[in-house]
Amino acid sequence: MTKALQTMEWMTPGSNLNAYIQGASSIPILSADEEKSLGESLFYNEDLDSARKLVMAHLRFVVHIARSYNGYGLPLGDLIQEGNVGLMKAVRRFNPEKGVRLVSFAVHWIKAEIHEFILKNWRIVKVATTKAQRKLFFNLRSSKKELEWLSADEAKAIARDLDVELKDVMEMEKRLSSHDTAFDAYSDDDDESAAYSPSAYLSSGEVGPAEAIESLDLQSDNNMRLQNAIEGLDERSQMILQKRWLDEKKLTLHELADQYGVSAERIRQLEKNAMACLKRQMQQ
């Protein structure tokens, strides 16, 4: 049912918003008997043509409601589109046997969709997440007598009227009075203001992609050079380095001296010569 309603071919507010509003206003308003008849046909028989007529006849009310949210800086066409989604949801759930006109039933669904759209798009960072915050977001502007900060008495009165905590009123007041800040400073900003842009002090502690690739390439090259240098040593020098530095259980000079039947000093000399050879190979 929902999918069918959403795919019906009826007008949407496109580039010519005025033409859409005029078209919506020209559609006749249904009488109570007409609305009930269409509602019954939809409710009992799932007649989509009746759903279309109910939606079309109430487009003007969506426009009227959407206009009341013009102060949030969002395009009116987008607000109308979201309101139309709410209208379609209301039509789908409308029960004509309740004795309530569709416009009275649909206003909740229309406003709910518009509210959700505003909360998602008014700011990059969400300003209202809890029930109390959402209530304050849409009521605080109309409750304020001036554009300045609320006084203590005004804040207490709003908290009492809206049945919310005083701290929630003050927090929403602060959020509504703030503005989004660009992450990077604008090109025409002076040096002082640029220093306070988020990009100046919110740097990542991780290396960038270029540095990470460069580090991996360097490590790979060093490993290859080391492997080639070790392979260029004689077998005894390789074994001494292996057992002195590379094995998990490393042997002492005296333990190696016992294995090869030489003095510990001789093992130390062989180790020193092998390390010098590796250093020369790595520097080439």
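Going through 36, 98 one at a time, which residue ends up being in the same structural domain as residue 117 (by TED's automatic domain parsing), modelled with pLDDT of 90 or more and of a type in the set (D, E, K, R)?
Exactly one residue qualifies, and that residue is 36.
So which of 112, 19 ends up being closer than 25 Å to residue 172 by Cα, in a helix (DSSP H, G or I) and out of contact with any strand residue (DSSP E or B) (no Cβ under 8 Å at 6 or more places or on another chain)?
Of the residues listed, the single one that is closer than 25 Å to residue 172 by Cα, in a helix (DSSP H, G or I) and out of contact with any strand residue (DSSP E or B) (no Cβ under 8 Å at 6 or more places or on another chain) is 112.
Within the stretch 116-132, can one find any residue that is assigned to a helix (DSSP H, G or I) and either modelled with pLDDT of 90 or more or in contact with a Phe, Trp or Tyr (Cβ under 6 Å, 6 or more places away or on another chain) (or both)?
Yes, because at least one residue in the stretch 116-132 is assigned to a helix (DSSP H, G or I) and either modelled with pLDDT of 90 or more or in contact with a Phe, Trp or Tyr (Cβ under 6 Å, 6 or more places away or on another chain) (or both).
Any residue in the stretch 233-251 that's surrounded by 14 or more Cβ atoms within 10 Å (Cβ to Cβ): show its pairings with residues that are outside any helix (DSSP H, G or I) and aliphatic (A, V, I, L, M) at Cβ separation under 8 Å, as long as the two are six or more apart or on different chains.
Hits for this filter: 241/233; 243/251; 244/251.
Working only within the stretch 75-97, note down all residues that are in contact with an Asp or Glu (Cβ under 7 Å, 6 or more places away or on another chain) and not aliphatic (A, V, I, L, M).
Correct list: 82, 83, 86, 96.
Does residue 82 qualify as being over 22 Å from residue 18 (Cα atoms) and either of a type in the set (Ser, Thr, Tyr) or in a helix (DSSP H, G or I) (or both)?
Against the criterion (over 22 Å from residue 18 (Cα atoms) and either of a type in the set (Ser, Thr, Tyr) or in a helix (DSSP H, G or I) (or both)), residue 82 does not qualify.
Go through the residues of the stretch 42-59 one by one and say whether even a single one is modelled with pLDDT of 90 or more and under 33 Å from the mean Cα position of the chain (by Cα).
There is at least one residue in the stretch 42-59 that is modelled with pLDDT of 90 or more and under 33 Å from the mean Cα position of the chain (by Cα).
Restricting to the stretch 260-272, name every residue that is surrounded by fewer than 15 Cβ atoms within 10 Å (Cβ to Cβ) and under 60 Å from the mean Cα position of the chain (by Cα).
Residue satisfying the conditions is 272 alone.
Pairs under 8 Å by beta carbon, first residue of a type in the set (S, T, N, Q) in the stretch 23-37, partner surrounded by 11 or more Cβ atoms within 10 Å (Cβ to Cβ) and outside any loop (DSSP other than H, G, I, E, B), six or more apart or different chains?
25/60; 25/63
The values are calculated or read from the model by the stated rules, or taken from the named source; none is laboratory data. Bear in mind the structure is a predicted one, so any value in this text is a computation, not a measurement. Virtual Cβ from ideal backbone geometry, glycine too; neighbours counted across all protein chains shown.
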